[in-house]
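Peer 1: Below are the structure tokens for one structure; questions will follow.
Throughout, read-outs are computed from the coordinates displayed, never taken from laboratory work. Since the model is a prediction, treat every value here as computed from it, not as a measurement. Note that each Cβ is placed from the backbone with ideal geometry, even for glycine, and that neighbours are counted across all protein chains shown.
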Amino acid sequence: MPADRRVSGASRSWPGRVRTVPGGSLNNDTTFARLVSLACHDLRTPLATVNGFARTLERTVELEAPADRYVEMIVAAVAQLDELLDELSLVARIEADRYDPNLQEVDTLALARAAADRLGEDRVKVEGEGAPVLVDSAAVERGVSALVQAALRHGGLDEVQVRVRGAVLEVEPVTDSSSKVVLGQDLRDLGAAVAVRLLERLGGAVEVDGSSLKIHLPQ
């Protein structure tokens, strides 16, 4: 395995991106991305309905087991679907060159700690010293968490360490089975693939150096 693989620079095309369909309606490289964006928008209405009724049941009805657990599972699944729609909508805007980031200053240590909060501090150990970076904070927070989660999930790991070195986050270890996934080259993890494209678009980069995933955030 090469010691240093880097993904950076101008945004790449999504593998399998629709460019032309002779005689069809998808006649340019942005139409498919726009359809994905529209689908994400339209799916939010029924999703909000499901979430609303599930939340109402939680508040107004004393459910017995296992019904109470089923409602909790529905609420959790809705939250997961909502985040997936956020990711699909984001990558659709990036691919269609319609992404207008809401840039805010955030500390890199806070981004690493947010990943630990999302995934569990027992699974993600954070150390180091942060630095201010100018990024789309909400999207990048999700992206960093997705990359850390991909390292855990696809590496078959119970725990990873995130070392914060200024504008660079180093996630260790990264295994052979997860390295291409966290680089967005092996499309088996939507969150990781979107995170790589997001960071590229913002002027950052992602690389695997030996057993370390290095997330370079733009300053």
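Peer 1: Can you give me the relative contact order of the chain as a percent, contacts being Cα pairs under 8 Å and 6 or more apart?
Peer 2: Relative CO of the chain lands at 24 percent.
Peer 1: For a quick check: with amide H placed at 1.01 Å from N, whose amide H comes under 5 Å from residue 212's, ignoring anything fewer than 5 positions away on the same chain?
Peer 2: 174
Peer 1: Next question. Assign unit charges at the C-beta atoms only (+1 for Lys and Arg, -1 for Asp and Glu), then state the dipole size of segment 31-95 relative to its Cα centre in Debye, rounded to the nearest 20. The partial results should precede the final answer.
Peer 2: On the way: 6 positive and 11 negative charges, 56 e Å.
In total the dipole reaches around 260 debye.
Peer 1: Looking at 79, 114, 191, which one has the Cα that reaches farthest to the positive end of the dipole of the chain (charges on Cβ: Lys, Arg +1; Asp, Glu -1)?
Peer 2: Projecting each Cα onto the dipole axis, the largest value belongs to 191.
Peer 1: At a temperature of 37 °C and a viscosity of 0.692 mPa s, determine how fast segment 100-216 diffuses translationally according to Stokes-Einstein, using the Kirkwood radius over alpha-carbon pairs as Rh; express D in µm²/s, rounded to the nearest whole number. Please report the intermediate quantities before stating the final value.
Peer 2: Values: Rh = 13.6 Å.
In µm²/s, the coefficient rounds to 241.
Peer 1: Could you list 198, 187, 119 so that the one with the fewest beta carbons within 10 Å of its beta carbon is first and the one with the most is last? Intermediate results must be reported in sequence, preceding the final value.
Peer 2: On the way: 198 26, 187 13, 119 17.
Neighbour counts put them in this order, fewest first: 187, 119, 198.
Peer 1: Also, I was wondering about something else. Helix-only mean residue ellipticity at 222 nm, the chain, DSSP H runs n ≥ 4 weighted -39,500 (n - 2.57), per residue, nearest 500. What is it? Can you show the working numbers first?
Peer 2: On the way: 6 runs with 110 residues, N = 219.
That calculation yields -17000 deg cm²/dmol at 222 nm.
Peer 1: Dividing the Cα radius of gyration by the Kirkwood radius, what Rg/Rh value follows for the chain? All intermediate terms of the calculation are to be shown ahead of the outcome.
Peer 2: Working: Rg = 19.0 Å, Rh = 18.7 Å.
With Rh from the inverse mean 1/r over Cα pairs, Rg/Rh is 1.01.
Peer 1: Among 136, 68, 209, which one shows the biggest mean-square fluctuation in a GNM of the chain, springs joining Cα atoms closer than 10 Å?
Peer 2: 68
Peer 1: Also, quick follow-up: Within 10 Å of each residue's Cβ, count the other Cβ atoms and sort 215, 74 from fewest upward. It would help to have the intermediate numbers written out before the result.
Peer 2: Working: 215 27, 74 17.
Listing 215, 74 from fewest to most nearby Cβ atoms yields 74, 215.
Peer 1: Additional query: Measuring from a point 7 Å past the Cα of residue 161 along Cα-to-C-beta, which residues in segment 93-125 have an amide N at less than 20 Å?
Peer 2: Backbone N within reach: 108-117, 119-125.
Peer 1: Let me ask something else about it. Report the Cα-based extents of segment 31-95 along its three principal axes, largest first, to the nearest Å.
Peer 2: Between the extreme Cα coordinates on each principal axis of segment 31-95 lie 48, 15, 12 Å.
Peer 1: Can you pull the one-decimal nm distance between simple spin-label points at residue 53 and residue 121, each 7 Å off the Cα toward Cβ?
Peer 2: 3.9
Peer 1: Would you calculate the separation in nanometres between label points at residue 176 and residue 63, each defined as 7 Å from the Cα along the Cα-to-beta-carbon direction?
Peer 2: 4.6
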